[in-house]
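Here's the structure, in structure tokens; my notes come after.
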Amino acid sequence: MIQTEVTVQNSAGFHVRDASLVCKTAMKYSSEIRLRKGGAVADCKSCLDLLSLMAPQGTQLVLTADGADEEAATNEIVKLFNVKFYEDEFASAAPQRS
């Protein structure tokens, strides 16, 4: 089992698009993958579970993965948090309002 902390860095917090990215990523792996915030634990293969964590910017979460491909799963999900779920790419692609 691997356990590591991740921090929600994007300004919008952990929202629907982020939960969807984590869920799609987790579904690629056979390992059990969970995120924990305090006493709340979410199955990373369930978008609704992930959204129930209600994690604004700065929230620290504990990511655990347990299974044959736990290392690869952990690395890929940690990367999503580290790149802020590609939020900066989406922000720069959005049309600018004047």
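The values are calculated or read from the model by the stated rules, or taken from the named source; none is laboratory data. Being a predicted model, the structure only gives us computed values, none of them experimental. With ideal geometry, Cβ positions are generated from the backbone for all residues, glycine too; neighbour counts draw on all protein chains shown. Just so you know, the surface numbers come from the protein's heavy atoms only, side chains and all, with ligands and any DNA or RNA stripped out. Shrake-Rupley method; radii C 1.70, N 1.55, O 1.52, S 1.80 Å.
Per residue, the accessible area of the range 2-86 comes to 50 Å², computed with a 1.4 Å probe over protein heavy atoms only.
About the Cα centre, and with charges only on the beta carbon of Lys, Arg (+1) and Asp, Glu (-1), how big is the dipole of the range 2-86? Nearest 20 debye, please.
That gives the range 2-86 a dipole magnitude of about 340 debye.
Axis angle, to the nearest 10 degrees, between helix 16-26 and the longest C-alpha principal axis of the chain: 30 degrees.
Which of rounded, prolate, oblate describes the range 1-47, given a ≥ b ≥ c as roots of the alpha-carbon gyration tensor eigenvalues and a/c under 1.5 marking rounded, otherwise prolate only if a/b is larger than b/c?
Cα axes put the range 1-47 in the oblate bin.
Residue by residue, the range 47-54 carries 3J(HN,Hα) couplings of 4, 5, 4, 4, 5, 5, 6, 6 Hz when phi is fed to the Karplus relation 6.51 cos²θ - 1.76 cosθ + 1.60 (θ = phi - 60°); x denotes Gly or Pro. Hey, any idea what % of the chain's accessible area is carbon plus sulfur with a 1.4 Å probe? Roughly 52 percent of what the probe reaches on the chain is carbon or sulfur.
Starting from 0.36 nm per residue, how many nanometres of slack lie between Met1 and Thr59 once their C-alpha separation is accounted for?
On the way: separation 58, 0.36 × 58 = 20.88 nm, distance 2.26 nm.
Gain on extension, Met1 to Thr59, equals 18.6 nm.
Partners of Lys84 within straight-line reach, counting aspartates and glutamates whose Cα lies under 18 Å from its Cα and excluding those fewer than 8 residues away in the same chain: Glu5, Asp18, Glu76. Between 0 and 90 degrees, rounded to the nearest ten: what's the tilt of helix 70-82 against the longest Cα principal axis of the chain? Here the helix axis deviates by roughly 20 degrees.
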